[in-house]
Amino acid sequence: MPTAVVNYDGSITASPAQLVFPESVADIQAILRDPARYPSPVRAVGSYHSLTPCASSDGTMINMARMNRVLNIDAAAGTITAQAGIQFINASRELRKHDLQFMTNIEIGNMTLGSAACCHTKDALDGIEFGQVNSYLTSVKWVTPTGDLAEASEETSPGLLRMLRGSYGLAGVVYEVTFRIKPIEAIHLTYLPRPVDELTQEEVDQLMDTSEGLICWTVGRTAVFQQRTRVEDRNIFGGLLAAFRRRLWNHSGAYAGHLLESFVHNPEARDNLQQGLFQLDEFMYGTLRLFGGITILAPDKTIDYSKTKTSAKYAFTFWAFPRARWLSVLRDYLDFADQHHKVTGFRCNMPLGAYHIRRDTHSVLSYSHDEEIFSIDPIHAPVDLPAWQNFLRAFNEFSFQRGGIPLLNQSPFVERRHVEAAYGQRWHELSDWVAQQDPTGRMLNPYFAALLSKSAAQAQS
Ligand SMILES: Cc1cc2nc3c(=O)[nH]c(=O)nc-3n(C[C@H](O)[C@H](O)[C@H](O)COP(=O)(O)OP(=O)(O)OC[C@H]3O[C@@H](n4cnc5c(N)ncnc54)[C@H](O)[C@@H]3O)c2cc1C
């Protein structure tokens, strides 16, 4: 009897014939070796915070939640080794007991380390060096599609590790990961509001060149640059400020958006109230600037979304753009969003995000492989799902036409033509590698079957 598996924002429901919770590596091997009992496609699933059907299967879904132990924290070597089903926030809490932290303290606390090892991620505030979590994966172990054991590491097989980092579970189920860590750090966040119409490329370049980490939040036509700097002193109010920041982001912003969309049906009144909320956001950023910003511990950036009520949930999309083109794409985007609103009545009800991510060639699917990127991330707390999904499709076309790069777990409705254009030769490299690793398609769900390119051999036959 199929069980429904629903992702975080409720936009995706899978009905696997088998939903299994392995407790050991041997359990995973037994599943992969028995296609009669555990039908294909077999997909590993973490906490299903993805916004695309990347983990969905109507065959077998392997929920990794019961393989969630930290196996070793080696402060001297600067590494943590854990089972793949542990959530980032729980691993981070264990590190904290030793005054340690991940290199990138990503905002999404519920991402499992298995997913972090082989999927797309982004974090701009700790991106001093790299903003993609799996760039700090030093070794990984997995069960192959035929049930055998495999591993890759920086020392022994960097080429294989590069492929595994972009594999999305298509080469098998990751069961153990080792990530680089470091001593815990305090960071100071500052906020610089600037009218988009006055911004120049030189100013944006300067911000990117001088920031350790940089996010831009755009509210109306004001861009607020959030910059991070490492500080020695841990402000005594840091914990409180971090809790306030988490509450604001995890709950209040999305909740207000939901409330408006649910209860104010007159479009003009709703737009006016929405503008009022945006002005409140601008005021908040202005106040933060006035007080000189906030100081928190880096791991405090991570948010636990597991108890977020439906009425306070938000969703988003992410496309990366070369940094040199970001300002012109941002301006085009604001016009596109206005036009979309005029035609359909839909507008995103949360600030637009943008993440600055440095050049990084660790993964075959790194979206900053060739150059630094700054992203455009529309964020929305949806009540009318079809209206949001219609916007997402239009935004994909907008981004595709401007040479954007989508993420396979965070850019809904991505298509093969998008990824072929975005990742170029590397997309074919990944597609060919997946075909070699899994010639019978044991792990291949319809989502990836529609995205992966045909290999040279398949194209000829
Ligand atoms: C509210 C919210 C905030 C978010 N914020 C951020 C953010 O700040 N930064 C960011 O980068 N992302 C963010 N995300 C996106 C999210 O982190 C990613 O989609 C991530 O992949 C989810 O992790 P998961 O464990 O839920 O993976 P799932 O969604 O369960 O799976 C993702 C993919 O990984 C594969 N997979 C999972 N486990 C394994 C395994 N053990 N072996 C092999 N393959 C596996 C699945 O098959 C699937 O293809 C956010 C999402 C939400 C909903």
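Just to verify a result, which residue in the range 117-129, among those that are more than 6 Å from the ligand (Cβ to nearest atom) and over 9 Å from the mean Cα position of the chain (by Cα), is surrounded by the most Cβ atoms within 10 Å (Cβ to Cβ)? Across the range 117-129, the extreme among qualifying residues is Ala117. Kindly list, by first and then second residue, each pair from a residue in the range 217-241 that is outside the structural domain of Val204 (by TED's automatic domain parsing) and in a strand (DSSP E or B) to a residue that is modelled with pLDDT of 90 or more and surrounded by 16 or more Cβ atoms within 10 Å (Cβ to Cβ), limited to pairs with Cβ atoms under 6 Å and residues at least 6 apart or on different chains. Matching pairs, first to second residue: none at all.
Taking residues in the range 43-55 that are among the basic types (Lys, Arg), and partners anywhere that are near the ligand (Cβ under 6 Å from one of its atoms) and modelled with pLDDT of 95 or more, the pairs with Cβ atoms closer than 7 Å and at least 6 places apart or on different chains are Arg43/Ala55; Arg43/Gly169.
Sub-7 Å Cβ pairs linking a first residue in the range 74-87 that is more than 13 Å from Gly46 (Cβ to Cβ) and touching a residue at least 24 places away in the same chain (Cβ under 8 Å) to a second residue that is of a type in the set (A, V, I, L, M) and within 16 Å of the ligand (Cβ to nearest atom), at least 6 apart or interchain, are Ile80/Val70; Ile80/Ala91; Thr81/Leu71, ordered by first then second residue.
Of the numbered criteria (1) out of contact with any Leu (no Cβ under 8 Å at 6 or more places or on another chain); (2) closer than 27 Å to Leu207 by Cβ; (3) surrounded by 15 or more Cβ atoms within 10 Å (Cβ to Cβ); (4) modelled with pLDDT of 70 or more, the one Val224 fails is (1).
Considering Ala256, Ala298, Ala269, Ala315, which residue is touching a His at 6+ places or on another chain (Cβ under 9 Å) and small (Gly, Ala, Ser)? Let's see the steps before the verdict.
On the way: Ala256 fails: touching a His at 6+ places or on another chain (Cβ under 9 Å); Ala298 fails: touching a His at 6+ places or on another chain (Cβ under 9 Å); Ala269 fails: touching a His at 6+ places or on another chain (Cβ under 9 Å).
Answer to the selection: Ala315.
Assigned to a strand (DSSP E or B), under 29 Å from Pro41 (Cβ atoms) and not assigned by TED's automatic domain parsing to the domain that holds Leu32, is that true of Ser167? Judged against the criteria, Ser167 is not a match.
Specify which of the listed residues (Ser431, Ser453, Ser411, Ser368) is assigned to a loop (DSSP other than H, G, I, E, B), among the small types (Gly, Ala, Ser) and not assigned by TED's automatic domain parsing to the domain that holds His340. Break it down stepwise before answering.
Numbers: Ser431 fails: assigned to a loop (DSSP other than H, G, I, E, B); Ser411 fails: not assigned by TED's automatic domain parsing to the domain that holds His340; Ser368 fails: not assigned by TED's automatic domain parsing to the domain that holds His340.
So the residue among Ser431, Ser453, Ser411, Ser368 that is assigned to a loop (DSSP other than H, G, I, E, B), among the small types (Gly, Ala, Ser) and not assigned by TED's automatic domain parsing to the domain that holds His340 is Ser453.
Among the residues of the range 85-116, those that are touching a Gly at 6+ places or on another chain (Cβ under 8 Å) and either in a strand (DSSP E or B) or outside the structural domain of Ser139 (by TED's automatic domain parsing) (or both) comprise Gln87, Thr112. Out of all the residues in the range 280-325, which are polar (S, T, N, Q) and free of Cβ contacts under 8 Å to residues at least 24 places away in the same chain? Once the filter is applied, which keeps residues that are polar (S, T, N, Q) and free of Cβ contacts under 8 Å to residues at least 24 places away in the same chain, the range 280-325 yields only Thr287.
Does the range 175-208 hold any residues that are modelled with pLDDT of 95 or more, in contact with a Leu (Cβ under 8 Å, 6 or more places away or on another chain) and within 16 Å of the ligand (Cβ to nearest atom), and which are they? Scanning the range 175-208 gives Glu176, Val177, Thr178, Phe179. Restricted to the range 301-326, and to residues there that are among the charged types (D, E, K, R) and surrounded by fewer than 23 Cβ atoms within 10 Å (Cβ to Cβ), the residue that is farthest from the ligand (Cβ to nearest atom) is Arg325.
Tell me, yes or no, whether the range 283-300 has at least one residue that is of a type in the set (Phe, Trp, Tyr), assigned by TED's automatic domain parsing to the domain that holds Gln401, closer than 26 Å to Phe374 by Cβ and more than 21 Å from the chain's Cα centre (by Cα). Give the derivation first.
Step one: of the range 283-300, the residues of a type in the set (Phe, Trp, Tyr) are 283, 285, 291.
Then drop every residue that is not assigned by TED's automatic domain parsing to the domain that holds Gln401, which leaves 283, 285, 291.
Pick out the ones that are also closer than 26 Å to Phe374 by Cβ and you get 283, 285.
Imposing the further condition that a residue be more than 21 Å from the chain's Cα centre (by Cα) reduces the set to 283, 285.
For the range 283-300, residues of a type in the set (Phe, Trp, Tyr), assigned by TED's automatic domain parsing to the domain that holds Gln401, closer than 26 Å to Phe374 by Cβ and more than 21 Å from the chain's Cα centre (by Cα): present.
Tyr285 passes every criterion in (1) within 16 Å of the ligand (Cβ to nearest atom); (2) touching a Phe, Trp or Tyr at 6+ places or on another chain (Cβ under 8 Å) apart from (1).
Answer with yes or no whether Val45 is more than 9 Å from the ligand (Cβ to nearest atom), in contact with a strand residue (DSSP E or B) (Cβ under 9 Å, 6 or more places away or on another chain) and hydrophobic (A, V, I, L, M, F, W, C). No: the conditions fail for Val45.
Within the set Tyr285, Tyr305, Tyr314, the sole residue that is among the aromatic types (Phe, Trp, Tyr) and under 30 Å from Pro183 (Cβ atoms) turns out to be Tyr305.
Of everything listed in (1) within 20 Å of the chain's Cα centre (by Cα); (2) more than 17 Å from Thr112 (Cα to Cα); (3) not β-branched (Val, Ile, Thr), the single unmet condition for Met64 is (2). Assessment of the range 76-97 against the conditions (more than 9 Å from the ligand (Cβ to nearest atom), within 20 Å of Leu214 (Cα to Cα) and surrounded by fewer than 24 Cβ atoms within 10 Å (Cβ to Cβ)) yields no matching residue.
The values are calculated or read from the model by the stated rules, or taken from the named source; none is laboratory data. Keep in mind that this is a model prediction, so the values were computed, not measured. Glycine gets a Cβ as well: all are built from the backbone with ideal geometry, and neighbour counts include every protein chain shown.
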